[in-house]
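The values are calculated or read from the model by the stated rules, or taken from the named source; none is laboratory data. What you are looking at is a predicted structure, and each value in this text was computed from that prediction instead of being measured. Areas reflect the complete protein model, heavy atoms only, side chains present, ligands, DNA and RNA absent. Shrake-Rupley method; radii C 1.70, N 1.55, O 1.52, S 1.80 Å.
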Amino acid sequence: MTQLATLNQQLYKQIDQAWTIRPSFQTDLIFRVDVTSTGAIAHLEPTNSAATDYLQETPLPTLAQNPTAATSQEPLAPFKVVFTPKGVLQVSPWRGFGTSGLPSP
């Protein structure tokens, strides 16, 4: 299994276990989430207006508050994270699985 696939699974599990709020939003919330080589969420960015509006209904703000997350020199792997109104979580590499792992610093 590639490092990217491993990080994808870790990120999915981390978010899925922490997402306990029943969705009140009516459209998908789409985020770009950058993770470190250890799976820590270093940065998140809402990519649609619904994601900005309903950010607090996701566990992302809490999960991203990791004091041991990224340093400015550590390579990050970007992922697309989608929360659907039906409670389905989708996590995939931002550029797909065609890449081999983390980018070089």
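Here are some notes:
- Full extension of the segment from residue 84 to residue 25, taken as 0.36 nm per residue of separation minus the current Cα-Cα distance, would add 20.4 nm.
- The candidates 53, 16, arranged from most to least accessible area with a 1.4 Å probe in the full protein assembly, appear as 53, 16.
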